[in-house]
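A short reminder: the numbers here are calculations on the coordinates, not readings from a lab. This one's a predicted model, so the numbers in the text were calculated from it and none came from an experiment. Methodologically, a virtual Cβ is constructed for each residue, glycine included, from the backbone with ideal geometry; neighbour enumeration extends over all protein chains shown.
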Amino acid sequence: MHRLFFALGFMFFGVFYGFAHADTGKFARITNVRFGENGAATRVVIDANTPIDYDYFILSNGARRIVLDMPRLRWSIDGLTSESGGGDGFGHVVQYRYGHNSPTTSRLVLDLESPADVVNAFRLKPKGDRKSHRIVLDLKSVSVKKFEAKANAEDKKRQKAVVNHKRRKPLIFIDAGHGGKDPGAIGVSKTQEKDIALAAALELRRALLATKRYDVAMTRDTDVFIELEDRVKIARSYDVDLFISLHADAGKKSVTRGASVYTLSASGEQRSDRLKNSNNWVLDIEKDDDRSEEVTAILVDLVKRETKSRSAEFAELLIPSITKQKWPTLRNTHRKAGFFVLLAPDVPAVLFEMGFMTNPSDEAILTSPRKRKKLIRGIVDAVNVFFADQEFYVAQR
Ligand SMILES: [Zn+2]
């Protein structure tokens, strides 16, 4: 039933049951960042759809900045243009940038033209014409000496607090195929692909967590139906380092057996471009409005190449790794396809067909938790090699 996984498949499913884990809707949305003048102060207003907790500090490392840390958000500001605050551009602020600096936090950085400190910081609820929740900061000029002294003091405090958080574990995202009303392929003895995918996904999560080297997130950890489009969206809402979608195949001939792994094909890549344009999938590097369009296009292309080669790299590790565990594989087993779940442009992703439900021997090992241990072992070994010698850090301030 993999044809269900081709791009248009999702259109045939009507109902959406919600996620087993954090969904994109759970994140608050920032809808605008505005600048204006409030007497001598520069007023920064951040519009959002819900009240947002925030913390800020001033930063001096050559450039002078004010940094706002917030829980993980979704930025849905049209482009990066902003209302000008009149006077000299944004008053004290030359430009601003934002990004996700960990799976759980977002950050807005204000680059200052001259030393300034926050004199007022408060939140406003929707009122009258203003339908948004707002964070308001007023910035006022301070002397260089005062700015540097405060930045230094805050830096020392922060160093102490963050020293243990700087390094992070790679985040592996497991997508158990099908689920709920979509059973996937049906096995020779009527077993359902969705159940095997889920069982293997849960075992893989357990095994990866047991290494203490990874964080793991899943699209589903129960028998629920999730749209393909939403699987990608959920993964993209995290800073995922590797996306693994687990499936079991169905073949025309019952003799066909063995596992195979898919990465994104060239036609899928074009589809990814189209989807990216229609779904607001903005790569992080596309958000920096400092760069010319040409430079941005080159960088986007580089990220995609990097993602593609990283996906292929994992696929090439996975096959020998499960073969080593004596798990059967198909010939020519690294294939390329345009499966929907592989289409996020900046997440290394593979779709792993663990075997054929339509082959009695494959079905027997796929349904046996004891036999599956070998398969899981093979996947974990491949993940270990893939991430060996790589360190992951939360974004530098
Ligand atoms: Zn499937």
**OP:** Among HIS247, HIS334, rank each residue by its count of other Cβ atoms within 10 Å, from fewest to most, as a rough exposure measure.
**Re:** HIS334, HIS247
Original post:
How do ASP55, ASP223 rank when sorted from fewest to most other Cβ atoms within 10 Å of their own Cβ?
Top reply: ASP55, ASP223
Original post:
Of MET357, MET70, how do they rank once you tally other Cβ atoms within 10 Å and put the fewest first?
Top reply: MET70, MET357
